[in-house]
Amino acid sequence: MTSDQTSPTDPAELRVGVIGLGFAGSTHLEAFSSLPGARVVALAGQEEARLHELGSAYGVERLVADWEDVVAMDDLDVISIGVPNALHHPIAMAALRSGKHVFCEKPLATTGDLAAEMVRAARDADRVLEVAYNHRRRADVAFLADWLADDPIGDVYHARASWMRRAGVPGMGSWFTNKEASGGGPMIDLGSHVLDIALHLLGEPRVTSVSAVAYGVLGAAGRGGRVYGVSSAPTGSAFDVEDFSSALLRLDDGGSLQLQASWASYSKVHEDIEVELLGATGGARLHVDDYATDGTLTLYSDVLGQPAETRPAVHVPAGHHRTVIEGFIASVRSGAGGAAPAGGEARYQGRHGEYALHRSRVVDAIYASAEQGREVEVPQDEVDATGRTGSEGGVR
């Protein structure tokens with residue numbers, strides 16, 4: 001590495017390579033380009049015209065077709081992954097093994113086992129592995145998290161989380177509707193977002209078991225389609241993922257969570273995102289109707305023995321991807337430079353993607369339960385003395 005190149009522990013500007021030209025990749029590109037302390041110097045994608053369009057718009061120095069060429073660049077600090085789900089694992093593994101930090105579009109991988117390999121690789125390399133669970137960075141979610149810190153509703157014994165679309169299959173015949181490429185349908189695509197919000201607001205309990213159903217009635221019949229942000233040409237494959245799924249999740253603190261996700265259903269026309277918490281002395285509801293930016297929160301309580309509702313005035317600006325990437329950059333910088341921690345402790349302890357791995361395990365269990373028609377235990381990943389991830393779990 002030459003003297004003018006930036007190393008992963010150099011406090012100077014982080015050099016970023018973005019892989020992917022669709023909605024995710026271009027959003028990552030825009031966010032990294034807008035933030036101080038980072039500069040996108042390489043961009044990869046197969047669509048040549050789009051590659052040069054984005055490269056010109058953001059002043060990217062190196063434009064290549066193949067992701068392998070970006071990962072092989074030894075003067076990069078960060079690889080940003082915004083490609084179909086099945087490519088997350090191979091790109092991240094190569095990037096982490098080459099000593100680069102990784103920002104990955106959600107989900108972490110198409111399966112929990114592959115996600116666990118990514119976490120192990122991040123620990124082995126001691127590099128940050130962050131996932132684009134950007135909706136937890138919404139201003140209304142942040143308000144709720146701060147409000148709940150004072151325990152205003154007592155112990156939460158049940159929660160509901162859902163993301164429902166009437167007609168929103170993202171590209172019939174594309175990688176989204178091909179299980180090998182995507183890992184699943186709306187539960188892995190949309191459900192993982194509201195699962196993340198709910199677990200975040202609940203204080204990160206572990207999901208111990210799930211009982212789930214999944215259906216592909218409308219999508220398999222060619223109904224409910226909508227094309228947007230698809231970064232690769234249609235595969236022409238059959239629709240082999242679900243278009244609706246519902247699950248009951250049991251939590252290790254004794255609580256429960258009902259989770260639903262739909263790409264296509266005969267329901268309200270607007271996109272509908274909701275998280276509701278039922279506590280012993282009160283409740284809270286986040287309801288985002290058609291991507292609303294105001295009036296999304298309702299707090300429930302009793303006042304002088306009568307039901308009361310409070311609606312906090314919280315505006316939700318755009319830019320959740322920018323916020324999560326800003327946090328990622330801060331995480332990378334938190335361990336950069338200076339002496340290594342005493343006792344061989346990792347610089348980036350707790351920033352190796354562990355929380356995202358648990359989400360992947362839960363989604364896996366939901367699909368297994370729906371397929372097997374029984375309640376399924378969620379594998380619980382632990383760190384052993386070598387710093388590696390193991391798991392236990394099975395079918396109940």
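Which residue out of 214, 280 is farther than 28 Å from residue 368 by Cβ, modelled with pLDDT of 95 or more, of a type in the set (A, V, I, L, M, F, W, C) and open to solvent by 20 Å² or more (accessible area, probe 1.4 Å)?
On the way: 214 fails: farther than 28 Å from residue 368 by Cβ.
After ruling out the rest, the residue left standing is 280.
Which of the following residues is touching a helix residue (DSSP H, G or I) at 6+ places or on another chain (Cβ under 9 Å), crowded, with 19+ Cβ neighbours inside 10 Å and either assigned to a loop (DSSP other than H, G, I, E, B) or not acidic (Asp, Glu) (or both): 116, 142?
Values: 142 fails: crowded, with 19+ Cβ neighbours inside 10 Å.
On inspection, the qualifying residue turns out to be 116.
Does residue 275 qualify as being crowded, with 19+ Cβ neighbours inside 10 Å, part of a loop (DSSP other than H, G, I, E, B) and at pLDDT 95 or above? Quick ask: steps written out before the conclusion?
Values: crowded, with 19+ Cβ neighbours inside 10 Å: yes; part of a loop (DSSP other than H, G, I, E, B): no; at pLDDT 95 or above: yes.
No; evaluated as a whole, the condition is false for this residue.
State all residues of segment 304-329 that are closer than 17 Å to residue 31 by Cα and aliphatic (A, V, I, L, M); if no residue qualifies, say none. Give the steps one after another, and end with the answer.
The initial filter retains those residues of segment 304-329 that are closer than 17 Å to residue 31 by Cα, namely 317-329.
Matches in segment 304-329: 318, 324, 325, 329.
When residues of segment 145-170 are filtered for being over 18 Å from the mean Cα position of the chain (by Cα), surrounded by fewer than 23 Cβ atoms within 10 Å (Cβ to Cβ) and closer than 22 Å to residue 246 by Cα, how many remain?
Residues flagged as over 18 Å from the mean Cα position of the chain (by Cα), surrounded by fewer than 23 Cβ atoms within 10 Å (Cβ to Cβ) and closer than 22 Å to residue 246 by Cα within segment 145-170 amount to 6.
Return the residues of segment 26-53 that are surrounded by fewer than 22 Cβ atoms within 10 Å (Cβ to Cβ) and more than 21 Å from residue 324 (Cα to Cα); say none if nothing qualifies.
46, 47, 48, 49, 50, 51, 52, 53
The values are calculated or read from the model by the stated rules, or taken from the named source; none is laboratory data. This one's a predicted model, so the numbers in the text were calculated from it and none came from an experiment. Cβ atoms come from the backbone with ideal geometry, glycine included; neighbour counts cover every protein chain shown. Side chains are part of the model used for accessible areas, which takes the heavy atoms of the whole protein and leaves out ligands, DNA and RNA. Shrake-Rupley method; radii C 1.70, N 1.55, O 1.52, S 1.80 Å.
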